[in-house]
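Asker: Questions regarding the structure given below will be posed in turn.
The values are calculated or read from the model by the stated rules, or taken from the named source; none is laboratory data. For clarity, every value in this text was computed on a predicted model and none was experimentally measured. Please note: Cβ atoms are built from the backbone with ideal geometry, for glycine as well, and neighbour counts cover all protein chains shown. Keep in mind that these areas ignore ligands, DNA and RNA; they rest on the heavy atoms of the full protein, side chains included. Shrake-Rupley method; radii C 1.70, N 1.55, O 1.52, S 1.80 Å.
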Amino acid sequence: MKVNVGDRVEMKKQHPCGGKTFKILRIGMDFKIKCEKCGHEVMVPRNKIEKNIKK
């Protein structure tokens, strides 16, 4: 799946705040994503993100 910085993605599992959409801030070995609902930023390994992106 081709993902770019600034894209909004929907994950299979939701964030504890209840939001499912995230904005991608940085791409590399780890992805830095930001929850659209609460604004929390999270660093997640690439392989975990690629499995959990719904659309």
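Asker: What does a probe at GLU50 reach in the range 12-34, counting residues whose amide N is under 14 Å from the point 7 Å along Cα→Cβ?
Answerer: Output list for this probe position: 28-31.
Asker: Shifting gears a bit: Placing +1 at every Lys and Arg Cβ and -1 at every Asp and Glu Cβ, with all other atoms neutral, what dipole size does the chain have around its Cα centre, in debye to the nearest 20?
Answerer: Details: 15 positive and 6 negative charges, 36 e Å.
That gives the chain a dipole magnitude of about 180 debye.
Asker: Return the carbon/sulfur percentage of the accessible area of the chain, one whole number, probe 1.4 Å, all protein chains in place.
Answerer: 49 percent
Asker: So what are the ³J(HN,Hα) numbers for the range 8-23, from phi and the Karplus equation (6.51, -1.76, 1.60; θ = phi - 60°), rounded to whole Hz, Gly and Pro as x?
Answerer: Per residue, the Karplus-derived 3J(HN,Hα) values read 9, 10, 9, 9, 5, 9, 8, 6, x, 6, x, x, 10, 9, 10, 9 Hz.
Asker: If you don't mind, there's one more thing I want to ask. Kindly report the accessible area of the chain per residue (heavy atoms of protein chains, probe 1.4 Å, no ligands, DNA or RNA), in Å².
Answerer: Values: 3920 Å² over 55 residues.
Each residue of the chain exposes 71 Å² on average to a 1.4 Å probe.
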